[in-house]
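> A single structure is presented below for examination.
Please treat every number below as a calculation from the coordinates, not as lab data. Fair warning: this is a prediction, and the values are worked out from it, not measured in the lab. With ideal geometry, Cβ positions are generated from the backbone for all residues, glycine too; neighbour counts draw on all protein chains shown.
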Amino acid sequence: MPNSNSPGFWSSSLSEADAISAGVEYSQLQLSQKGDLYWVEQRPNEGGRCCICFELESQSGVHREITPPHYSVQSKVYEYGGRGWALLDDSLVFVNASDQQIYKQRLSGPCDVVQITNHPNTRYIEPIWDKTRDRLIAIQEIHAETDVINRIVAISLSDDSVEVLVEGADFYSYPVINPQGSMLAFISWNHPQQPWTSTQFSYLDLTSSELDGSISIAGHNSEEALSQPYFSEKGELYVVTDRSGWWNIYRCDLDSHDLVPVEKESCDMISAPWQSGLTHYAEISSKVVSIHHRHEGAEVMLNGASLVPDFNYFKSLVAVGNWVCVVASANNQLVSVVKVNTVTSEVRVVAGGGSPLNESDCSLARPMSFSKAESACFGYFYPPANAKYSVDSALAPLVVFLHGGPTAATYPVLNMKIQYWTQRGFSVLDLNYRGSSNYGRTYRNCLQHQWGVVEVEDIQSAIDELVELGLVDKGAVFVRGNSSGGFSALSAVYQLDCFAAAASLYGVTDPLVLDGCTHKFESSYLHWLIGDPVAEESVYRDRAPLDNVDRINCPVIFFQGEKDRVVLPDQTRAMEKALKGRGIKVEAYYFPDEAHGFRVSDTAEVVLKKELEFYRSEMNMHSTGCGPSFRD
């Protein structure tokens, strides 16, 4: 019978609330010309509300919130959103979450908020200031009765009039304007592509009277994904492309349209653009400062040297003058907003950082690779860590984490949701199965038409190797995933016979149903992941967890938001009913105010607590001989 000293049953002062409250997210950095730093905080303890905070260069160490309490800065364009605000000279504009309209707010004086747009069934994202014409340029998304239309528009700051600048493509992102105000560069793509498979890079002459006279620069084939165009202070145009097999930075010759590599390395310098308006590089003193993603950890590189050596994951990088600011994380520190002086090399944490755990209680990520035949995958292994206990006498249970996306990635950083498990004596494997980003285009494309197949093979090879190394208890292996990771977890439990239980958080159970009801951004994604749903319906059925319920023999717990428009709640209910009909132990929890991805802290706490109880109940049954035994 397990006791409090058994791995998986350890007690910890790190509560569910502690693990969730530590999950404040920082993003969307912007720097004024004076060096004043602004960023967005997403706060789980405020229901996922997003607010803009700032630190003035003249008041170092003092940061404040500027967004009034009844507003939240969050765009819902493409459902996954992205950068929803912009700095002007003496004010800022932001997209408000509740109505998706643009508002203007002064930076000093009375905190007046003025609504700029008032367009029903319309959303906005990536506003930028066209200073020459004193107007905004943004991506507009119109939700018509039978279609969703995306385009680039100019918005008057004096009324709500809108001028269409570019239209015709299915999607647009990353509008950037040169300092002279004469040129607008942007990224576009069309179905069935995604922004990480094939995009086009174009520009528009803003001084021309020709309507939508945009000129395509690159991306004329389906084997190149371009992203994140950027204008330097001198007006030089940069862009990121994976034409070499890696997302590297190139400079664009505006006369010939040739792209010349600036930094050519065997690493990705951006992450997969699930959100719009990401910034992963900049120019400072005529040199490019950029993020280099590698399996062991990322670096911010300038002049061939690591600029922020004490951190190993970065996003949202901006630079002005001698300042480089970035959102940074580390193995032993929570996510931070970091400001670096490139002249003095001073590195200062502006917001966030630290750790709720003592060093001896913190489980540090171990980068690992796993091979099967000629294929390899990557992941981060976290052993149990709790100063009050030891695993010397018993192997620890294992929880396999599968990220969503599936073309996303996980990183070797301090994640308190992972520490919640390692504190209690579980090992965790955070897996970057084939198809994950940050390992180059070839690795990313391994998932094409193979979703539900290759990641399951990777799960198997990773578990086998951890068992062979004597790192985990093969009789107590659990698998969990959210969204597409939930699909992969459910696919694993019907294909592999090695799990004690599984958890699906708003996971896909029937890809055919998903294909028929999902939003515009992903409406052709399944064609790439699996195949044409009409011509290859049988493949969809073969891979659907709902159609393979008779092959699932381990308990499953489900967590689902009732407002989810990506994975409909009926999918989860159908899976729950089918498993119960076979006599499989099932628990399911539905949250009326949650959508795709849980934002409310109370919800996230329930998920952790119930999932832990579910796994422990299976470990208890196994140890007492009650119920089905775990399989060898």
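> May I ask you to list the GluC sites (Glu not before Pro) in region 560-612 that are in a DSSP loop and have at most 14 other Cβ atoms within 10 Å of their Cβ?
Listed in order of number, the matching sites are Glu562.
> Determine which lysines satisfy two conditions relative to Lys580: a Cα distance under 18 Å, and not lying fewer than 8 residues away in the same chain.
By straight Cα distance, Lys580 reaches no lysines at all.
> Considering only the other residues whose Cβ falls under 15 Å of the Cβ of Gly61, what net charge follows from Lys and Arg at +1 and Asp and Glu at -1?
Neighbour charge sum, excluding Gly61 itself: -1.
> Here's something else I'd like to know. With axes computed from alpha carbons, what is the tilt in degrees of helix 484-495 against the longest principal axis of the chain, rounded to the nearest 10 within 0 to 90?
Relative to the chain, helix 484-495 is tipped by roughly 30 degrees.
> With n ≥ 4 as the cut-off for DSSP H runs, can you work out [θ] at 222 nm for the chain, using -39500 (n - 2.57) per run divided by the number of residues, rounded to the nearest 500?
-4500 deg cm²/dmol
> Further question: Using amide H atoms built 1.01 Å from N in the peptide plane, name the residues 5+ places from Gly82, or on other chains, whose amide H lies under 5 Å from its own.
Ser75, Ser276
> For a quick check of your reading of the filter: which trypsin sites (Lys or Arg not before Pro) in region 579-623 sit in a DSSP loop and have no more than 13 other Cβ atoms within 10 Å?
Arg582
> With a sphere of radius 13 Å drawn around the Cβ of Asn45, what net charge do the other residues whose Cβ falls strictly inside it have (Lys, Arg +1; Asp, Glu -1)?
Surrounding charge for Asn45 is -4.
> May I ask for the angle, rounded to the nearest 10°, between helix 601-624 and the longest principal axis of the chain, with both axes built from Cα atoms and the value confined to 0 to 90°?
20
> Mind checking which aspartates and glutamates have their C-alpha under 15 Å from Lys563, skipping anything on the same chain fewer than 8 residues away?
Result set, ordered by chain and number: Glu79, Asp593, Glu594.
> Additional query: Per residue and in cubic angstrom, what volume does the convex hull of the Cα atoms of region 168-275 have?
Roughly 103 Å³ of hull volume per residue.
> Please identify the trypsin sites (Lys or Arg not before Pro) of region 494-576 that satisfy two criteria: DSSP loop assignment and at most 14 other Cβ atoms within 10 Å. Which are they?
Hits after loop and neighbour filter: Lys563, Arg565.
> Same structure again: If I fit a long axis through the Cα atoms of helix 454-468 and take the longest principal axis of the Cα atoms of the chain, what angle between them do I get, 0 to 90°, rounded to 10?
Around 50 degrees separate the two axes.
> Of all DSSP beta bridges located in the chain, what percent are antiparallel, nearest 5?
Counting DSSP beta bridges with both partners in the chain, the antiparallel share is about 80 percent.
> When a/c reaches 1.5 or more, the comparison of a/b and b/c decides; with that in mind, is the chain rounded, prolate or oblate per its Cα gyration tensor?
Because a/c hits 1.5 or more and a/b exceeds b/c, the chain counts as prolate.
> Just tell me which lysines come within less than 21 Å, Cα to Cα, of Lys234; anything on the same chain fewer than 8 places away is out.
Lys34, Lys131, Lys287
> Here's another thing I want to ask about it. Using Cα centres only, tell me the gap between region 10-73 and region 319-339 in whole Å.
Here the answer is 13 Å between Cα centres.
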